[in-house]
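Student: First the structure, which I've put down as C-alpha cells, then a few questions once you've had a look.
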Amino acid sequence: MKSAPFDYVLARTVTEATATLAQDRRNAMVIAGGQSLVPMLNLRMALPDLLVDIGRLDELKATSATQEALQLGALVTHADIEDGAVPDPFGGLLRKIAGGISYRTVRHYGTIGGSVALADPAADWPVVLLALGAAARIASPAGSRSQSVDDFIKGQYATSLAPEEIIVGFDIPIPGARMRWGTSKVVRKSGAFASSIAVVVEQGDGDFAAAALGAAGPRPCLLPTTAQGLRSRAPQEDLRAMVADDLTALALDGDPYLTRLHTSTIMRAVREMRQR
Amino acid sequence: MSVEGGGKGWIGASLLRKEDARHLYGHGMFIADVHVSGVQDVAFVRSQMAHARVVQVDKPARHAANVFVLNDIQPVKILEAGPELSAHRHSPYPALADGRVRYVGQTIAACVMPTRAQAEDLADQVHVALEELPAVVDVVAAMRPDSPRVFDEWPNNSYISTSVVEGNPELLGSAAVRVHRRLRLNRQATVSLEGRGVLAYWDHRLDELVVYLSTQGGQVKRLALSRMLGLPEHKVRVIAPDIGGGFGGKNRIMPEDIAVAAIALKVRHPVRWIEDRREHLLASPHARDHTYDLTICAERDGTLLGIEGDIYIDAGAYALWPTGAFQEASMASRNLTGPYRMRHLRLDAHTVATNKAPMGPYRGVARPGATFALERLVDEVARELGREPFDLRRQNAVTAAELPYRTAAGLKLDTGDYIAALDLAREKIDLPAIRRRQVAGEPDGRKIGVGFAFYTEQSGHGTVEFMKRKFRVIPGYESANVRMLPDGNVLIYVGVQNHGQGHETTLAQIAAHELGIDPGQISVRYGDTAIGPYGFGTFASRSIVFAGGAVGKASRALAEKIRRIGAHLLQTDVAAIRIENGMIHGPSGKIGLAEIAFAANARPDQLPTGMDPLLESVATYEPTESGGVFAYGTHAVVVAVDPDSGVTEILDYVVSEDCGTMINPMIVDGQVQGGIAQGIGTALYEEIPYDEQGQPLATTFADYMVPCAPEVPTVRIQHIVTPALTTEYGVKGLGEGGAIAPPAAIANAVADAFRDIGASFNETPLSPRRVSEAVDLARRARGGQR
Amino acid sequence: MKSLTVELNGATVRYEVEPRQTLADFLREQCRLTATHIGCEHGACGACTVVVNGKATRSCLRLAIMCNGQSVETLEGFPNDKIMEVLRRHFHESHALQCGFCTPGMLIMARDILLRLAEPDAQTVRQQLSGQICRCTGYANIVDAIVSAGKALRSQRAALP
Ligand SMILES: Cc1cc2nc3c(=O)[nH]c(=O)nc-3n(C[C@H](O)[C@H](O)[C@H](O)COP(=O)(O)OP(=O)(O)OC[C@H]3O[C@@H](n4cnc5c(N)ncnc54)[C@H](O)[C@@H]3O)c2cc1C
Ligand code: FES
Ligand code: FES
C-alpha cells in the first residue's frame, strides 16, 4: 500500500501555488494537511504527477473576526478550533464539531480548507458551514472569488474548484448573540466518518434558522422545510413531519432505515438546541 | 511484583511480564523490522475477480525477470489440505494462480523490486486477462444442485457434509415447544495489528533456506515448506521473530509464504513480503461465516430436549494446509448443546466452498458460532414460555454434582460448577436492578437490555481427540528443553510461540516453581527451528496446558538430577535433599545451585561416578485425558440501544469464569479482557460483506470497523477456581474463551431490550442498520404501533 | 529524489528521499528506526504515531518531505523524558501490552494526552485513544496505565517545592 511516484514542490506564496497549478502541465494536486490525500495516495486512489504543498503558507492561516463575520484561513486545523486557538463566536459550535472529527492525531493536521475542498459527503465541516451560510474565498492566478459553500459543493467529491484554484479561507456570518445550535452525529465507531450528521442553528428571535444534514446522499444539504419549522417554532411532532418532507425530497433510495436514521439525528440536534 | 520467597510462591503470582521491556523501548523485532542486507520487496498481483479463468499474464518487458508466475517458481508441490477423510474433497491451492482464480485477492504473480513501492509500481504494469466465470457467493444457494461450481470436478460445492445424530431425535418432532430460527455470524478477518509477513534467503554459509515468518508455530510451517519445496528439513530453518498478534490468522501455511520461499531459491538476494492492511482484509484467513438453520425443542416446563437442523460453514475457495476449515462444522455441531442436559440432536453440517477468501481458524474457532446459535435459541425459548432466560439456563445447566458429564455429542465436561458461574454473573450484573431500570425507562428514549451467555472452552485435548478429528498433523503433545548453565541460570526452549500471551513469564514461573529459583534467572526461548525442540505452536488455548506441563516435567527431571548431585556433594541421601531459594539443603549443610550447575557442566570430576554430565532435560507432555479439559464461564452484559439509529452501547460487562489454576492471574485477566474486545468486534462491528459478484466490500479500516477504547468497556472479571484433575498444576487453557460468548451475550441483551415487541436479533454484527431494521420489522408485525 | 533535513531524536540528519515516501517508511526503511510500526497505512490504527514538531502525528499520513526542517521524535528517542518514563512504568505495571505491536504508538499518544490534559479520567482517556487500535489487550489496562501515570505525574509535580 505505497503511493505511486509523483513530484513535489513546497509553495512559498499563494500566488506561487496557483501559478504552479496553472502552469504545470502535469496532473497537479494541492496538499494541505494530507490527512485525506495521503491515505488516497497510499491506496493509489489518487494518482497525481505533482503535489503542491500549501501547508506552510501563513497567508492561509490568517483568522479574524468582526461583528458580522468570522474569517477562517483554509489551513486552520481541526485541533486549532478544538483548542480554541481561533475564535468561536458561535457559542462553542465550531469547537464541538472540531473535537468530534476523527482522532486527535488527524485533527493536528487536517484543515478546514482540505475538508471542504475534498467534499466528502460525510465530512463534518461542510455540514456546519452550510448551516451557517458560509462562503469560501478562492484564489487563482486570475484573482479571487467568493462563493457560498452551498454552491461550491457540487456533489460527491465534486466542487466548483478549477484546477488552478485553491481555497484561501471561509467567511462565516455571525447570526447574533442569541444564537442557539444543536448537533447530532451517528458513527459506526468512534472517530469514523458519520453515518448521519445534522447541525441546526437558530437565532433566538426566530428570524434566522437553518438545518443541514450530511452523509445523506452525494453532498451535504440544507433542509428548507425543517428550517422553516424551526423559525415558526413548530412543536417537535410537527417538526418531525417537516423533516420527513425534506428527507422525501432527498430520495434516499427509498431506504426506510436511512429515513429513520436521519430523522433521529435531526430531531436529536433540534432537541439539543431547544434545551440550550 | 513480589511474592513470598521460595520456589513455591511462583504459581499464582501476578508476576509482571519479562517481555514488556523490549516493547516499551521500541526494541521489539517484528517481521518487518528484521533487516537483512540486499533484501528486495514483493508485491503480489491479485485477482480482481471472484471467479475467472486466467487467460494471460503479460509481464512488462523491462522487468520481466522480476515478475514471477507459477511456472517461474516451480517445482512447488501442493499438499492436500483438510481432514484425512476420503469424503473431504481436495481443493488444490497453488501459491500463484494456475489458470484459475477463485476469489478476489488470490495471488496471480509476484513482483520483486528493491522497495515495496517499486514492486507495487511493477505490479500495476502487469496485465492480467481474466475471463469471468459465475461466482458462488451465498453459502446456502451454493448447496443447490443448479449452483455454479467452485471446482468443476466436484459433484456439488461441499468440501464435506456430515451428520450428527444423537439420542432419539424422532422425539423432537412432537416436542411441545419448537422454536425455529435462522442465525448467522458474518464473515470477518482476524486482524492482528501486525499483518502477516515472510522474509526468505539462502544462507550460503549454513547452506540452508532461512525463512523468517510471522507465524504461531514455526516447526509445522517448516514441515510444510520442506515438503512443498522438496528440500530436506535440515535445509529449511524457520524463524518466528516477535509476532504482533496472531489469533489463528497466522497458523496456516499461505500462498504468499510459499511463493516468497520459492522465489528465494531462484534469486540471489533475500526477498520479503509484508502484508498490508488491504491484503489482510482481502486475503488473510477469514473467519466465522456460520449460518444456522435450527429448531430447538423443549418441554412446556422449560426442559430443553434437543436441536435439529442445518449448519453451513462458508469456508471460501480453498482448504488451507493443514486442516482446512472442517473443524468449524464439526466443533460447531459438537458444541451445540453447550452446558445443557440436552440429549437429542440431529444436525447436518456442510462445509461449503464459495468464491471468497479461504477460511482459517480464529480465536474461539466454531464456538462463537455455536454459542451464539444455542444461547440465542435458549433466550427465544424462554420468551416463548414467558420465562426469565436466566432461569431457563439455570434449570437446564449441568450441575456440579453431575460433572464429569458426557454431552449428547460426546464431549466430556470435566470439572467446575456451572451453576455457580451463572449465579455469580447474575449477582454481579444485578439482574433485578436492571429489570427495575427497564420498567422506569430511560430519559433519552433508548432501551436497556441485559443478556447472558454461557460458554465452555475445550483445551489440552491431545492425540486421540485430534485423531478423531482426522488431523494431518496431530498436535498431541508439546515439548520443552530445560538447560541449566554453569552459573545456575536457566535457558528453556519450547515449541510453542509467544505472541502476546506472556509465555516468557508464565513458563518461567513454572520452571522457577520446580527449580526453586527466581524467574529472573530463567530465559524462555522459542521461534527458531534451528534451536527449539519440535512442537506445534500456540493455538487452541493449548500453550499453558501443554508447554506448561512440558516445562514442569523437564524442570522436575532436572531438579531430580540436581538433588542427586547435591546429595553426592553434601554426602547425604537424595531423599534428604530440598531445593529452595537457589540453595540445595541437606540435613547438615547446604550448597548453592550455582556450584552444582558448575559441577554438572564444567567439573565432571565432582559428579557421582557413572553420572552423565550436563543439566539438560527434554520432556514432552500430554495431559492424561485426551478429551481435554473445559474452562467455562458466564458473560453478562447490559446494553442501551437507540431504536431509530440502531446504535448499541455497552453499559456494563461482567464475566464469571473458571480456568482452573491460574499461573499468573494478571495475564489471565488480560486474556479475558482482550478476548472480549474481539468478541465485541464480532458482535457489533466487524464484517466483510461480499456483493453478488463476489467483490468484498470492506478492504480498508474505513469500512471494516475495529473496536477501539470507547467501544470496549472494562470488563468486571470474577474468578471461580476449580483445578483440573488431568493437567499439571490443574490448569485449563483460557486464551480463546473471552472471544466465544460476546456475540451471544450481546445479541441476547439487545433482544432483551426489545422483548416487549418480540424483535429478534439473529445476525452479527448487530450493526445499527440490522438492529433498527429488526426493531422496525417487529413493530410492523405488531400492527405498526410505535 | 529530494533532500530532506530533519532533527531526528535530537540529532540533525540529512537524507535523500522520494517525495512519495511516507514519514513512517522513511523512519523504518531509511533510518532503520523500527519502533514506529505500520498497522494500516491509511490513518486508522495509530501504530505509526510519532511526534513531529511537538505534535503527535500519524507517520503514515505525512510525507517525509513535508517534515523538512522539522523535528521528529520516535519511541527510540525520549531519553530523559519524565512523562515517557512514568508511562513506561505504568504500562508495565498495569499489563497494558500483550504482543507489543501497538505499544510504541500507544505510548506516544499517551504522552500527547498527558501533555494536553493533566490528570485525565478514564472516560477522557478512552475518547482520546479512539484512534489507536490494540487488538490484544481490550484497552482496559492501557486506559488504567494512562490514568495512573497521569496521577503519578500530578503528585510528582505537587511534591516539587
Ligand atoms: C482515519 C480518518 C478519519 C477521518 N474522519 C473524518 C471525519 O469523521 N470527519 C471529517 O470531516 N473528516 C474526517 N477525516 C478527514 C480529515 O478531516 C481531513 O483532514 C480533511 O478532510 C482534509 O484536510 P487536509 O488538510 O488533511 O486535506 P488534504 O488531505 O491535504 O487534502 C484533501 C483534498 O483537498 C484538497 N485541498 C486541500 N486544501 C485545499 C485548499 N486550501 N484549496 C484547494 N484544495 C485543497 C487536496 O488537493 C485534496 O484533494 C478523517 C481522516 C482520517 C485519516
Ligand atoms: S499505520 Fe498509520 S495510522 Fe495505521
Ligand atoms: S498489545 Fe498487541 S496490539 Fe496492542
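Student: Quick one: compute the contact order of chain B, relative version, from alpha carbon pairs under 8 angstrom and 6+ residues apart, as a percent. The partial results should precede the final answer.
Tutor: On the way: 2003 pairs, mean separation 125.7, N = 786.
About 16 percent, as a whole number.
Student: Classify region A:7-52 as rounded, prolate or oblate, taking a ≥ b ≥ c as the square roots of the eigenvalues of its Cα gyration tensor: rounded when a/c is under 1.5, otherwise prolate if a/b is larger than b/c and oblate if not. Each step should come with its number before you reach the end.
Tutor: Working: a/c = 2.97, a/b = 1.59, b/c = 1.86.
Because a/c hits 1.5 or more and a/b fails to exceed b/c, region A:7-52 counts as oblate.
Student: Which whole-percent values make up P(r) of region C:82-159 when all C-alpha to C-alpha distances are grouped in 5 Å steps starting at zero?
Tutor: The distribution over region C:82-159 is 3, 18, 32, 28, 13, 4, 1, 0, given as percents.
Student: Would you work out what percent of the accessible area of chain A, with all protein chains in place, is carbon or sulfur (probe 1.4 Å)? Don't skip to the end; give the middle numbers.
Tutor: Working: 5470 of 10420 Å².
The computed percentage sits at 52.
Student: How much net charge surrounds A:Pro220 when only the other residues with a Cβ under 11 Å from the Cβ of A:Pro220 are counted, with Lys and Arg +1 and Asp and Glu -1? Please report the intermediate quantities before stating the final value.
Tutor: On the way: positive: A:Arg219; negative: A:Asp120, A:Asp124, A:Asp150.
For residues surrounding A:Pro220, the net value is -2.
Student: What's the FRET efficiency of B:Glu170 with B:Arg149 using the Cβ-Cβ distance as r and R₀ = 35 Å, to the nearest 0.05? Each step should come with its number before you reach the end.
Tutor: Working: r = 35 Å, r/R0 = 1.00.
My answer for the efficiency is 0.50.
Student: Helix-only mean residue ellipticity at 222 nm, chain C, DSSP H runs n ≥ 4 weighted -39,500 (n - 2.57), per residue, nearest 500. What is it? Each step should come with its number before you reach the end.
Tutor: Details: 4 runs with 53 residues, N = 161.
Computed mean residue ellipticity for chain C: -10500 deg cm²/dmol.
Student: Can you tell me the relative contact order of region A:63-172? Whole percent, Cα pairs under 8 Å, sequence separation 6 or more. Display every interim value, and only then the final one.
Tutor: Numbers: 185 pairs, mean separation 32.2, N = 110.
The normalised contact order for region A:63-172 reaches 29 percent.
Student: Compute the angle between helix A:14-23 and the longest alpha-carbon principal axis of chain A, please, reported from 0 to 90 degrees and rounded to the nearest 10.
Tutor: So the inclination is approximately 70 degrees.
Student: Turning to a different aspect of this structure: For labels at B:Asp301 and C:Arg32 in the simple 7 Å Cα→Cβ model, what's the distance in nm?
Tutor: 7.6 nm
Student: Please list A:132-145, A:186-199, B:734-747 highest first by mean number of surrounding beta-carbon atoms within 10 Å per residue. Each step should come with its number before you reach the end.
Tutor: Numbers: A:132-145: 18.1, A:186-199: 22.9, B:734-747: 31.1.
Peptide ranking by packing, descending: B:734-747, A:186-199, A:132-145.
Student: List the residues of region A:76-110 whose accessible area drops by at least 30 Å² when all protein chains are present, compared with their chain alone, using a 1.4 Å probe and counting only protein heavy atoms.
Tutor: Buried on complex formation: A:Tyr103, A:Arg104, A:Thr105, A:His108, A:Tyr109.
Student: Could you work out, residue by residue across B:238-245, how many beta carbons of other chains sit within 10 Å of that residue's beta carbon, and then give the average as an integer? Please report the intermediate quantities before stating the final value.
Tutor: Working: counts 0, 0, 0, 0, 3, 3, 11, 9.
The shielding value for this peptide is 3.
Student: Between B:Arg525 and B:Lys77, how high is the FRET efficiency from 1/(1 + (r/R0)^6) when r is the Cβ-Cβ distance and R₀ = 35 Å? Nearest 0.05. Walk me through the numbers on the way to the answer.
Tutor: Values: r = 32 Å, r/R0 = 0.90.
Here the calculated transfer efficiency is 0.65.
Student: Now, a different point. Considering every Cα-Cα pair within the protein assembly as shown, what fraction, in whole percent, is farther apart than 52 Å?
Tutor: On the way: 187243 of 747253 pairs.
That fraction is 25 percent.
Student: Label points 7 Å out from Cα along the Cβ direction at B:Asp444 and A:Ala65: separation in nm?
Tutor: Between B:Asp444 and A:Ala65, the label points sit 2.9 nm apart.
Student: List, by residue number, every residue in region C:58-106 with a reduction of 50 Å² or greater in accessible area between the chain on its own and the complete protein assembly, 1.4 Å probe.
Tutor: So the qualifying set is C:Arg58, C:Leu61, C:Arg62, C:Leu63, C:Met66, C:Arg88, C:His92, C:His95, C:Leu97, C:Gln98, C:Cys99, C:Phe101.
Student: Additional query: Over region C:82-159, average the accessible area per residue using a 1.4 Å probe and give it in Å², no decimals.
Tutor: Working: 2370 Å² over 78 residues.
The answer is 30 Å² per residue.
Student: At q = 0.06, 0.07, 0.08, 0.09 Å⁻¹, what log₁₀ I(q)/I(0) does chain B have when each alpha carbon counts as one equal point scatterer in the Debye sum?
Tutor: -0.39, -0.53, -0.69, -0.87
Student: Then there's this: Using a Förster distance of 60 Å, how high is the FRET efficiency between B:Ala576 and C:Val13, based on the Cβ-Cβ distance and rounded to 0.05? Don't jump to the answer; show the numbers that get you there.
Tutor: On the way: r = 65 Å, r/R0 = 1.09.
That gives a FRET efficiency of 0.40.
Student: In the Gaussian network model of chain C, springs joining C-alpha atoms below 10 Å, which of C:Ile146, C:Ile108, C:Ile133 carries the largest mean-square fluctuation?
Tutor: Residue with maximal mean-square fluctuation among C:Ile146, C:Ile108, C:Ile133: C:Ile133.
Student: Moving to a separate point now. Anything over 24 Å Cα to Cα? Flag those among B:Lys235/B:Lys468; A:Lys154/A:Lys185; B:Lys221/B:Lys561; B:Lys250/B:Lys553; B:Lys412/B:Lys470, in the order listed.
Tutor: Details: B:Lys235/B:Lys468 33 Å; A:Lys154/A:Lys185 22 Å; B:Lys221/B:Lys561 35 Å; B:Lys250/B:Lys553 28 Å; B:Lys412/B:Lys470 19 Å.
Long pairs (Cα-Cα over 24 Å): B:Lys235/B:Lys468; B:Lys221/B:Lys561; B:Lys250/B:Lys553.
Student: Under the rule of -39500 (n - 2.57) per DSSP H run of 4 or more residues, summed and divided by the residues of chain A, what mean residue ellipticity at 222 nm is obtained, to the nearest 500 deg cm²/dmol? Display every interim value, and only then the final one.
Tutor: On the way: 11 runs with 93 residues, N = 276.
Result for chain A, helices only: -9500 deg cm²/dmol.
Student: I would also like to ask the following. Relative to the first principal axis of the alpha-carbon coordinates of chain A, what is the inclination of helix A:256-274, with its axis defined by its Cα atoms, in degrees from 0 to 90 and to the nearest 10?
Tutor: 80 degrees
Student: If you don't mind, there's one more thing I want to ask. When each pair of different Cα atoms in region A:63-172 is counted once in the 1/r mean, what is the Kirkwood radius in angstroms, to one decimal?
Tutor: Working: mean 1/r = 0.0721 Å⁻¹.
Mean inverse Cα-Cα distance, inverted, gives 13.9 Å.
Student: Could you give the accessible area per residue of region A:1-122, probe 1.4 Å, as a whole number in Å²? Present the calculation step by step, with values, prior to reporting the outcome.
Tutor: Values: 4490 Å² over 122 residues.
Accessible area per residue, region A:1-122: 37 Å².
Student: Sticking with this one: If you line up the long axis of helix C:103-116 against the longest principal axis of chain C, both from Cα atoms, how many degrees apart are they, to the nearest 10?
Tutor: 70 degrees
Student: Another question, if that's okay. Please compute how much accessible surface disappears when C pairs with B, both sides summed, using a 1.4 Å probe, and round it to the nearest 100 Å². If you can, show how the numbers build up before the last one.
Tutor: Details: alone 8360 and 28200 Å², together 32680 Å².
Accessible area lost upon association: around 3900 Å².
Student: Sequence gap at least 6, Cα distance under 8 Å: using those rules, report the relative contact order of chain C to the nearest whole percent.
Tutor: Numbers: 273 pairs, mean separation 37.5, N = 161.
Relative contact order of chain C: 23 percent.
Student: Here's something else I'd like to know. Below 14 angstrom from the Cβ of A:Asp83, what's the summed charge of the other residues (Lys, Arg +1; Asp, Glu -1)? Don't skip to the answer; put the middle values down first.
Tutor: Numbers: positive: A:Arg95, A:Lys96, A:Arg104, A:Arg107, C:Lys55, C:Arg116; negative: A:Asp80, A:Glu82, A:Asp88, C:Asp112.
So the surrounding residues net to +2.
Student: Something else about it: List the trypsin sites (Lys or Arg not before Pro) within region B:123-231 that fall in a DSSP loop (any state other than H, G, I, E or B) and whose Cβ has at most 15 other Cβ atoms within 10 Å. It would help to have the intermediate numbers written out before the result.
Tutor: Working: sites: B:Arg149, B:Arg178, B:Arg181, B:Arg182, B:Arg184, B:Arg187, B:Arg196, B:Arg205, B:Lys221, B:Arg222, B:Arg227; in loops: B:Arg149, B:Arg196, B:Arg205.
Those satisfying the criteria are B:Arg205.
Student: Take every Cα-Cα pair in region C:1-105 and report what % of them are more than 19 Å apart. Walk me through the numbers before you get to the answer.
Tutor: On the way: 2258 of 5460 pairs.
It works out to 41 percent of all Cα pairs.
Student: Another one. Which lysines, if any, have their Cα less than 21 Å from the Cα of C:Lys2, not counting same-chain residues under 8 positions apart?
Tutor: Reachable lysines: A:Lys2.
Student: What ratio of Cα Rg to 2.2 N^0.38 Å holds for region B:134-282? Don't skip to the answer; put the middle values down first.
Tutor: Details: Rg = 22.0 Å, N = 149, 2.2 N^0.38 = 14.7 Å.
That works out to 1.50 for region B:134-282.
Student: Counting partner chain Cβ atoms within 10 Å of every residue's Cβ in C:136-148, what's the average? Walk me through the numbers before you get to the answer.
Tutor: On the way: counts 16, 8, 19, 11, 13, 6, 1, 3, 1, 0, 1, 0, 0.
Averaged over the peptide's residues, the number is 6.
Student: Counting Lys +1, Arg +1, Asp -1, Glu -1, what net charge surrounds B:Arg394 among other residues with beta carbon under 11 Å of its beta carbon?
Tutor: Details: positive: B:Arg387, B:Arg393, B:Arg426; negative: B:Glu388, B:Asp391, B:Asp423.
Charge balance in the 11 Å sphere: 0.
Student: Which helices, counted as full DSSP H runs in chain B, have an axial Cα extent of no less than 27 Å and a Kyte-Doolittle average of 0.0 or above?
Tutor: Sorted by number, the helices that extend far enough and score high enough are B:543-570.
The values are calculated or read from the model by the stated rules, or taken from the named source; none is laboratory data. What you see is a predicted model; the values in this text were computed from it and never measured. Here Cβ is always computed from backbone atoms with ideal geometry, including for glycine, and neighbour counts include all displayed protein chains. Remember, those area values only see protein heavy atoms, side chains included, never the ligands or the DNA or RNA. Shrake-Rupley method; radii C 1.70, N 1.55, O 1.52, S 1.80 Å.
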